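All remarks here apply to the structure that follows.
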């Protein structure tokens, strides 16, 4: 049998703001987009559950070097919460665990309850999560009826804004740090109300500097792909778009050269400490550095600009 030639992948660099649909995992979404772009390398910046939708930034090529900054960034979600029922997964996908009468509750009372969850709190990760226990994903254990002890983790809820209240559900927006489990938050709020609750729908609105309104659906990406590779490239953001909150500095060519060799360099106008976005004299982004105690820039994450 004739051996099939291995497909040559393209060097694609940049960030795509994907609007993930419901019913597909974050990794499946990533692999689908990677195939459309015929990209050598790609990674996403924080999983969304299969039923969840919304912003999922995809980093291609050299942009994978800034994935961690988006993974660690703050997030905002729009959530519809179902009252009176708890489920095995904390969302509408799971089997019902309990059903209780829903007490009459006002917007004022709900807002008061939310105040108990604002600030630094501890959450116990749900069993239906992608965290690992002895090398095994928790959700795989959960599907086999196995429950293991999980350590509580510290997260910060900056704000919970109430939008609508209905007879059996309510809509909120949650602004929080990375690693926050919205399903756990909704379950805890439901327990405080006294009737239990779970997530009906979840939409990620923001991830770091990016907003869901600027994202693009898989169907539209597939349509644009028919126009050619350049049309796909036009959808990509430059990799430094993920780092807007980090101060920038421009280096002379000589300093940029020595930095590219891994050496610390000196330049004027440096802050006393912190990270910096670094550009060469042609305004090309060349990577991230950190100010050292002796007032130099030390390279931290350099980009291959070719």
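Descriptive notes on the structure:
- Residues that are assigned to a helix (DSSP H, G or I) and either touching a strand residue (DSSP E or B) at 6+ places or on another chain (Cβ under 9 Å) or crowded, with 20+ Cβ neighbours inside 10 Å (or both), drawn from segment 233-256: 233, 239, 240, 241, 242, 243, 254, 255, 256
- Selection count where residues are crowded, with 22+ Cβ neighbours inside 10 Å, touching a strand residue (DSSP E or B) at 6+ places or on another chain (Cβ under 6 Å) and not in a helix (DSSP H, G or I), scope segment 49-74: 8
- The set of residues in segment 213-232 that are closer than 24 Å to residue 69 by Cβ and part of a loop (DSSP other than H, G, I, E, B) contains only 215.
- Picking from residues in segment 257-281 that are assigned to a loop (DSSP other than H, G, I, E, B) and without any contact (Cβ under 8 Å) to a residue 24 or more places away in the chain, the one that is farthest from the chain's Cα centre (by Cα) is 268.
- Residue satisfying all of: in segment 13-35; over 26 Å from residue 284 (Cα atoms) and not in a helix (DSSP H, G or I); farthest from the chain's Cα centre (by Cα) among these: 23
- Any chance residue 232 is closer than 21 Å to residue 45 by Cβ and in contact with a helix residue (DSSP H, G or I) (Cβ under 9 Å, 6 or more places away or on another chain): yes
- Counted residues, segment 51-60 - those being on the phi > 0 side of the Ramachandran plot and modelled with pLDDT under 95: 0
- Scanning segment 161-178 for residues that are more than 14 Å from residue 206 (Cα to Cα) and surrounded by fewer than 21 Cβ atoms within 10 Å (Cβ to Cβ) gives 161, 162, 163, 164, 165, 166, 167, 168, 169, 171.
- Residue list for segment 284-306, filter: farther than 17 Å from residue 63 by Cα and either surrounded by fewer than 19 Cβ atoms within 10 Å (Cβ to Cβ) or touching a helix residue (DSSP H, G or I) at 6+ places or on another chain (Cβ under 8 Å) (or both): 290, 292, 293, 294, 295, 296, 297, 298
The values are calculated or read from the model by the stated rules, or taken from the named source; none is laboratory data. Here the structure is a predicted model, which means the values were calculated and not measured. Don't worry about glycine lacking a Cβ; one is built from the backbone with ideal geometry, like all the others, and counts go over all protein chains shown.
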